[in-house]
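In what follows, a single structure is set out as structure tokens and then discussed.
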């Protein structure tokens with residue numbers, strides 16, 4: 001077969017798009033529009049002036065009651081989907097893949113918002129649409145630098161990479177170099193020595209990072225081959241997403257050869273009824289001309305529609321159709337590559353066998369809202385007529401009124417009504433018949449409960465249900481929860497599993513970097529290249545709010561049983577630490593805490609030794625003989641041991657007596673030696689005392705002699721001094737007398 005050329009491929013793609021869009025934007029679009037109009041309580045078009053135009057909210061109330069339970073099921077745990085290993089060596093990889101895929105979905109892509117959007121689309125307009133793909137982003141990273149020299153800035157710029165640039169370089173005013181004594185001075189100029197010139201700047205660089213993008217997009221942008229028979233799109237011959245893009249976004253995807261004219265001419269093939277209603281409600285239905293005027297000023301923001309198509313086609317002419325991923329702008333194919341799967345998932349809350357589009361909750365209660373609206377309008381209109389009755393006015397033969405009509409139309413309090421006769425004006429009494437509508441409204445409520453499971457009883461809002469007993473209330477609530485659990489199971493199998501399988505394949509294709517995350521209180525780093533690209537998968541579809549209490553009670557009973565069994569002889573055979581941890585982890589999750597590591601440490605997998613097989617009877621007989629011989633040998637050994645023990649005791653007593661006698665003799669000798677030593681010690685003390693006494697006496701005698709000698713010397717010196725003084729006085733007297741005699745005449 002001949003290889004298909006690009007024109008043939010383009011014609012086939014346009015034909016598939018036209019066929020799919022005719023169904024999606026035709027009958028399916030009109031159904032979706034009606035569902036959205038009823039959800040937002042838009043007028044039905046049969047309203048009349050002067051009568052009630054109320055629209056009741058059964059569609060909106062039912063969807064908003066179901067949505068919280070669904071979100072709680074998938075967001076109350078950090079492991080909505082678990083990968084299970086298929087081989088023994090895949091255990092660690094499967095656990096890491098579980099953690100990583102849940103992290104990518106819930107943390108990196110705001111999983112709650114994606115689930116909220118997808119679930120609400122499905123409940124409201126039949127289908128939701130979720131796509132996962134790789135996205136390469138080139139982001140600008142700016143790092144501030146403060147107080148660096150030019151040399152340091154050059155080094156930092158070189159380390160940052162070839163595309164790094166310096167921005168906003170500003171000098172910092174130099175400051176004097178300070179010492180303990182004050183500013184450091186130049187020895188020559190005696191001026192303060194200034195610090196080195198420093199700068200503050202910003203180093204900007206660009207990083208290219210590949211991430212996984214998961215997004216819930218409007219279901220009217222999803223085109224599926226109209227005769228496809230299942231919501232699983234992995235094998236569908238034609239799946240397309242019409243994605244609004246700008247020229248800048250196309251260039252970021254790598255399509256540099258696309259011009260503004262190409263994108264401007266690639267508008268959508270047609271606008272579906274639901275898409276038009278969505279734009280009208282968002283206030284963007286009339287903005288096309290404005291957007292195009294703005295795009296002429298900035299070509300990078302020119303808007304258009306990119307077709308991302310996944311089609312089965314024999315492009316290479318080998319007679320076998322292969323899956324190809326094609327990016328197309330209406331009449332221009334941008335890329336054409338072979339791919340392995342379809343990275344788009346869709347789901348409906350109520351599956352229709354052999355159909356991909358299913359049924360919405362809004363459709364299930366649409367006619368009940370119409371009925372409720374009509375009954376409520378009639379009750380209100382009847383109440384208005386009863387409170388404001390019509391008026392009869394008597395006329396004459398020429399049909400001229402017998403009362404002034406202007407006075408009758410004036411409803412002011414205390415107003416005057418002019419009449420020609422007293423009975424010219426009479427009220428037409430209309431009885432209120434609203435009470436007859438209440439049984440119909442109750443019937444409508446019962447029908448709503450049967451169809452959806454949502455009612456005041458199931459939501460715990462009916463005070464009368466408390467009088468019927470707890471068993472009845474539990475049975476009613478469990479029956480209602482079963483409906484929601486069924487919807488949750490459908491979403492898990494049809495939506496969540498394909499999404500997580502797609503995330504795992506994108507992580508393991510060899511182009512992803514290592515993933516760092518905070519897991520159970522610790523920071524871990526996983527390398528996706530170490531995992532397989534497929535594992536068995538289990539969705540943890542929880543039990544919702546009402547059943548959580550029952551599950552907690554069951555888990556507490558299991559924990560008590562585990563504690564009792566663990567203390568029995570069979571504890572190691574029936575209960576492992578890992579199983580106890582799993583029970584406690586479930587209790588923590590039911591309590592609303594996601595991080596089990598804050599309360600319990602994971603002991604890891606521990607292998608329990610298997611029970612031993614029953615013994616062979618021959619082996620048992622041999623063991624019994626050996627046991628008898630052992631007992632006989634043990635008895636003989638005990639007798640021999642007793643005899644040896646008695647002999648040892650006798651010898652021990654003899655040795656002990658000898659030792660005691662020797663100890664007594666040694667004690668007496670020691671006492672004598674001690675007495676002699678005491679006597680010698682006292683004798684030596686006495687000798688020392690006598691010698692001290694003699695020494696003291698000698699010292700006292702010597703001191704007394706010295707004192708006497710000192711006194712005698714002192715007296716002698718005094719006598720000698722006095723004698724000298726007397727002699728000197730006598731000599732002086734003699735000289736004075738001689739002098740006196742010499743002067744006499």
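Filter the range 328-349 down to the residues that are in a strand (DSSP E or B) and at pLDDT 95 or above and list them by number.
Across the range 328-349, the qualifying residues are 344, 345, 346, 347.
Residues in the range 381-394 that are within 12 Å of residue 426 (Cα to Cα) and either within 59 Å of the chain's Cα centre (by Cα) or not in a loop (DSSP other than H, G, I, E, B) (or both): how many?
4
Is it the case that residue 241 is modelled with pLDDT under 85, under 34 Å from the mean Cα position of the chain (by Cα), not assigned by the TED database to the domain that holds residue 156 and not in a loop (DSSP other than H, G, I, E, B)?
Considered against the rule, which asks whether it is modelled with pLDDT under 85, under 34 Å from the mean Cα position of the chain (by Cα), not assigned by the TED database to the domain that holds residue 156 and not in a loop (DSSP other than H, G, I, E, B), residue 241 comes out as no.
Check the range 384-396 and report whether any residue there is in contact (Cβ under 8 Å) with a residue 60 or more places away in the chain, out of contact with any helix residue (DSSP H, G or I) (no Cβ under 8 Å at 6 or more places or on another chain) and more than 30 Å from residue 504 (Cα to Cα).
The answer is yes; a qualifying residue exists.
Given the criteria touching a residue at least 40 places away in the same chain (Cβ under 8 Å), within 25 Å of the chain's Cα centre (by Cα) and more than 25 Å from residue 483 (Cβ to Cβ), does residue 97 qualify?
When the stated conditions are applied, residue 97 passes them.
Just need a number here: residues in the range 158-210 that are free of Cβ contacts under 8 Å to residues at least 24 places away in the same chain, outside any loop (DSSP other than H, G, I, E, B) and in contact with a strand residue (DSSP E or B) (Cβ under 8 Å, 6 or more places away or on another chain).
5
Any chance you could count how many residues in the range 395-438 are part of a strand (DSSP E or B) and within 30 Å of residue 377 (Cα to Cα)?
Of the residues in that region, 4 qualify.
Kindly evaluate residue 455 against the criterion of being at pLDDT below 85 and surrounded by fewer than 10 Cβ atoms within 10 Å (Cβ to Cβ).
no
The values are calculated or read from the model by the stated rules, or taken from the named source; none is laboratory data. Here the structure is a predicted model, which means the values were calculated and not measured. Note that we place each Cβ from the backbone using ideal geometry, even for glycine, and neighbour counts take in every protein chain shown.
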